[in-house]
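Structure record follows, encoded as structure tokens.
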Amino acid sequence: MKKITVAVVAALALSACQQDKPAKPVTPTEQAAQAEAKFDLNDLNQKAAYSIGQNFSKQMQHNFDSLKEYGMEIDTALVVQGIKDGFEGKGQFDEAQLAANMQEFQTSLQAKMKEQQDKLAAEAKKKAEESKAAGDSFRAEYAKKEDVKTTDSGLMYKVLSKGKGGDKPKVEDTVKVHYKGTLIDGQQFDSSYDRDEPTSFPLSGVIKGWTEGLQLMEVGDKFEFVIPPEIAYGEHGSSRIPGNSTLIFEVELLEINPKANAEQ
């Protein structure tokens with residue numbers, strides 16, 4: 001959002017361009033030539049100048065649109081007029097007034113941004129509290145199911161199917177898995193099955209619930225994990241996972257150290 005602020009301020013500041021420079025007289029012949037040239041941009045410098053203006057307007061419009069979420073509207077006709085007046089050396093504000101206008105605008109924008117951020121933070125906190133309560137209740141019921149085991153960390157798991165047995169991965173290993181992840185309401189947020197492509201990762205580089213749970217598995221095993229937020233994404237969550245979410249994963253361990261196995 002800082003970029004938006006800077007860009008908007010730059011647009012406002014542009015209205016003061018060359019304010020103190022006297023406008024160069026334009027003869028009637030030159031005026032007629034310029035009027036005709038704006039519809040026939042064949043000269044390189046003309047095309048470059050027009051392109052600069054058009055590109056500037058696109059960039060500014062994007063930033064102006066972003067301000068609407070804070071209830072702030074920028075009159076683009078006044079922006080254009082300010083630029084025109086600035087280049088002609090007849091801007092309505094002196095340097096002190098320009099600085100005061102931009103400071104007032106920045107102060108207002110920052111206040112509105114903070115207000116919205118506080119509102120979003122309050123909503124996220126409330127949602128996280130609700131997610132925690134729902135997750136606690138879900139895990140209490142899940143623990144009553146047949147064959148469910150719970151570790152000291154709070155990780156819950158049950159075996160869906162067994163492989164042929166063999167080694168279990170260690171924390172320093174890389175594993176190859178197929179998996180599906182859902183929230184407790186059944187909403188799916190990720191699946192390697194849907195992509196039809198298993199994934200490989202260092203066991204030390206994932207959430208604690210996965211690091212712990214996969215070390216309980218042997219190649220070919222398929223487990224269901226129910227992972228509390230404390231060993232998942234915590235109170236802040238991630239881009240697709242609300243804060244304090246309990247997560248459910250179906251995980252199938254395909255290989256341990258797949259790169260090393262491929263080289264053998």
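Points worth noting:
- Label-to-label distance, nm, for residues given as Glu230 and Val148 (7 Å Cα→Cβ offset): 1.7
- Cβ crowding within 10 Å, taken as a proxy for footprinting-reagent exposure, orders Lys47, Lys127 from fewest neighbours to most as Lys47, Lys127.
- Förster radius 51 Å - calculated FRET efficiency between Ala48 and Ser200, Cβ distance, rounded to 0.05: 0.55
- Placing pseudo-labels 7 Å out from each Cα toward the beta carbon at Asn55 and Asp190 gives an inter-label distance of 3.9 nm.
- Greater than 22 Å apart at Cα, pairs in Lys170/Lys208; Lys149/Lys180; Lys144/Lys168; Lys149/Lys222; Lys125/Lys180: Lys144/Lys168; Lys125/Lys180
- Maximal additional length on extending the Ala140-Gln97 stretch stands at 9.0 nm, based on 0.36 nm per residue less the C-alpha distance.
- Lys162/Asp118 FRET efficiency (R0 51 Å; Cβ-Cβ; nearest 0.05): 0.50
None of the figures in this text is laboratory data; all of them are computed from the coordinates on show. Keep in mind it's a predicted model, so treat the numbers as computed, not measured. Virtual Cβ from ideal backbone geometry, glycine too; neighbours counted across all protein chains shown.
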